[in-house]
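A.B. asks: Pasting a structure here, questions to come.
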């Protein structure tokens, strides 16, 4: 009786652990993929659903001596784990970036950018208001506005690469990798443990000499176990959606700089008017993702900042926001 109680307690503990891990794994995957596209976010949840109970199917395939099916399913499982690991790593790393944006130095740079933006706008308006024959003064004012715009661009790049002395900034990448690895290992371990506990229970159960457990009965129990795991993964899926349109507009805000300060200022105004209902830190987080996306493209393609910005502006049809 005690052995049965202990086994049930162990199984319940593993099941709860699996539910918690599946929830966080699904949440991180959804946050990453929905930033790219709402449809991809839903697909990511489906992949997490499959990944959760796929190890059980693989074990069953090998026990049934269906090795080829087991190898194929194992390969699919490894691909899903790689995808989930990448999503978890990027989501955790992005969380560290959000914390960095709340530092005193980051906020000071923000204030400096806002001050220079106001100054550039005022100088541009002064130049535009001069009479036609004030050519030299207008050129000086335009040059001054261009210089201020360059200072703003430099501050934006400085803000994007800003680091602090916090543990998150010093070891953020290592922590993100460790968290992603732990999540994936726990996911695999819990599903395999549930499968083995179910198998051990069937093996240890007393069987009368005359009554033998048929293959059909074993398959029925395995199907019940898979259905239970599937329900666990489904109920653990995150329900909160992230508006991918914000990400697209954030990329366009960064890309608009390639067409000059006026274009950037107009796009920034659209951004502010559209999402001023959001908390400041959340708006900043999306803007940071837009710039981070561009920097990642630069590293991947080897293209310059202006080239990537020009391509993003065209590919994402940024003019539609103006």
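No lab work stands behind these numbers, since they all come straight from the coordinates. Just so it is clear, the structure is predicted and the values come from calculations on it, not from any experiment. All Cβ positions, glycine included, derive from the backbone under ideal geometry; neighbour counts span all protein chains shown.
A.B. asks: Just to be sure I follow: if Rg is taken over the C-alpha atoms of segment 244-321 and Rh is the Kirkwood radius over the same atoms, what is Rg/Rh?
C.D. replies: Checking Rg against Rh, the ratio lands at 0.96.
A.B. asks: Also: Mind sorting 25, 34 by how few other Cβ atoms lie within 10 Å of their own Cβ, fewest first?
C.D. replies: 34, 25
A.B. asks: By count of other Cβ within 10 Å, fewest leading, how are 35, 276 ordered?
C.D. replies: By the 10 Å Cβ count, ascending: 276, 35.
A.B. asks: One quarter of the convex hull surface, Cα atoms only: what value does that give for segment 104-160 in nm²?
C.D. replies: 3.5 nm²
A.B. asks: What translational diffusion coefficient, to the nearest whole µm²/s, does segment 44-95 have by Stokes-Einstein, given a Kirkwood radius computed over alpha-carbon pairs, a temperature of 37 °C and 0.692 mPa s viscosity?
C.D. replies: Value of D from the Cα-based Kirkwood radius: 279 µm²/s.
A.B. asks: How would you rank 48-61, 70-83, 254-267, 132-145, highest first, on the average number of other Cβ atoms within 10 Å across their residues?
C.D. replies: Per-residue mean Cβ counts within 10 Å order the peptides as 48-61, 254-267, 70-83, 132-145.
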